[in-house]
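The structure appears below as structure tokens.
Values in this text are rule-based calculations from the coordinates and carry no lab data. These numbers come from a predicted model, not from an experiment. Neighbour counts run over all protein chains shown; Cβ positions are idealised from the backbone, glycine included.
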Amino acid sequence: MITRPLISILTPVFNQSFHIKQTIGSVLNQTYQNWEWVIVDDGSTDGTGDIITSVKDSRIKYIFQEHAGRYHLTETRSKALYLCNGDLIAMLDGDDYWPECKLELQVKDFNSPGIVLSYGECVIVNENGRKMQYMTLPSDPHIANNNPVGSSLKLFLLKRDCFITNSTVMLNKKALLDIGGFLGAGELAHDFTTWTRLSLEGRFVGNPRCLGYRRSHLSSTVYKRNQEVKMNAVHDFLREFVLLNKQRLADLGFFYDTAILEAHWEKLNPYAHYYTRAVTALSCGSFREGRLAFKKFLLGDTSLKQKLIYLFVILSSLVRLDLVNPLAVLRAPVKKIRHAFGKLHSEGNR
């Protein structure tokens, strides 16, 4: 690969005037400067476009289109993809932002042959930028790095878990085009479907450091989706994925039967999405909504751990102060330290 390849940054945006300045600043301040930025504005009416076009940088390509809506986000991203010139693709949502070293760190990952996707850990922030959660890599390095190829399917298929945050992702453009570009399926966004399909094409690099800040608030697209309809779309996609790729899965040593998968999915908590809604509501000061959402989450998980967290949810409502998210942010580094010590201990016993 070229030593300093051109990176194409792809961003769909709609009515993000409150956040887009921070997004722009995080790109302009990158330590790696060989990039172009394709921004497709999905019909913003709040001055988002004026903010973007006020930045005089020839590397930024701004395209305005009539409003297509959230159900056509995959098509909007695809429009950006086919307008870009880089060998590598960096994903960035219009209300998210990056640490300064993001591109510099990830571009090196593609010096190794067979890498199709690089991603990292992520800080979830609320509308005002307050830290809510820290998303770490999967503890199993085989799953985290999709090594051997197909290993990540243990989470994608069995847990239906999209553990890779979009705005931390960098992609090999050729590998992406080889599978037909960004893949959509009904209510699903491009991320779960595209990352799942790419897991058959090559290895990933999971970077154990923060490579992005993802904005989470109650007006986010993810919270506007009907979760039952979304989960049905996930199941439909995975059934079709297994049927279409049965031989490839078998060649990789995976023998998934849709009936077995569906039996496994039945055991998963159908109320899991209420946890994310609850902690987001608490971070926004919507304590009643947070309490009600967490109560629904408990319908599928009555473990002692979750009951203890619910006590903190109730306490947050009483004192009108979010006590849950600060604990979650503190827990992540502790978890990483414990994992590192466990790894050292196991290596020392060999």
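In debye, nearest 20: dipole of the stretch 25-93 around its Cα centre with unit charges on the Cβ of K, R (+) and D, E (-)? The partial results should precede the final answer.
On the way: 6 positive and 10 negative charges, 31 e Å.
Result for the stretch 25-93 is approximately 160 debye, rounded to the nearest 20.
Phi angles across the stretch 247-255 convert, under the Karplus curve 6.51 cos²θ - 1.76 cosθ + 1.60 with θ = phi - 60°, into 3J(HN,Hα) values of 5, 5, 5, 5, 4, 8, x, 10, 10 Hz, Gly and Pro given as x. On a straight-distance basis, which aspartates and glutamates could pair with residue 174 in a cross-link, Cα separation under 15 angstrom, same-chain partners fewer than 8 positions away excluded? Residue 174 reaches 87, 201. Gain on full extension, evaluated as 0.36 nm per residue between residue 174 and residue 31 minus their Cα-Cα distance, stands at 49.0 nm. The residues packed around residue 267, meaning those with a beta-carbon under 13 Å from its beta-carbon, carry a net charge of -1 if Lys and Arg are +1 and Asp and Glu are -1. For the chain, report the translational diffusion coefficient in µm²/s to the nearest whole number, using Stokes-Einstein at 10 °C, 1.306 mPa s, and a Kirkwood Rh over Cα pairs. Result for D is 74 µm²/s.
The spread of Cα positions in the stretch 8-158, taken along each principal axis and listed from longest to shortest, comes to 46, 33, 30 Å. Each Lys and Arg adds +1 at its Cβ and each Asp and Glu adds -1 at its Cβ; summed about the Cα centre, the chain shows a dipole of about 1140 debye.
Using the Cβ atoms and a cut-off under 15 Å, what net charge is assigned to the surroundings of residue 115, where Lys and Arg are +1 and Asp and Glu are -1? Intermediate values should be presented prior to the final figure.
Working: positive: 108, 173, 174, 203; negative: 87, 109, 178, 201.
Once positives and negatives cancel, what remains is 0.
Taking the helices alone, the chain has a mean residue ellipticity at 222 nm of -12500 deg cm²/dmol, built from -39,500 (n - 2.57) per DSSP H run of at least 4 residues and averaged over all its residues.
Looking at 314, 211, 115, which one has the Cα that reaches farthest to the positive end of the dipole of the chain (charges on Cβ: Lys, Arg +1; Asp, Glu -1)? The residue sitting most towards the positive pole is 314. Protection proxy ranking, highest mean first, for peptides 35-44, 53-62, 66-75, 87-96: 87-96, 35-44, 66-75, 53-62, where packing is the per-residue count of other beta-carbon atoms within 10 Å, averaged.
Our coupling estimate for the stretch 275-292, obtained by passing each phi through the Karplus curve with A = 6.51, B = -1.76, C = 1.60 and θ = phi - 60°, is 5, 4, 5, 5, 5, 5, 4, 4, 5, 8, x, 8, 5, 5, 5, x, 5, 5 Hz, Gly and Pro reported as x. Using the average count of surrounding beta-carbon atoms within 10 Å as a protection proxy, the listed peptides 116-123, 280-287 rank, highest first, as 116-123, 280-287.
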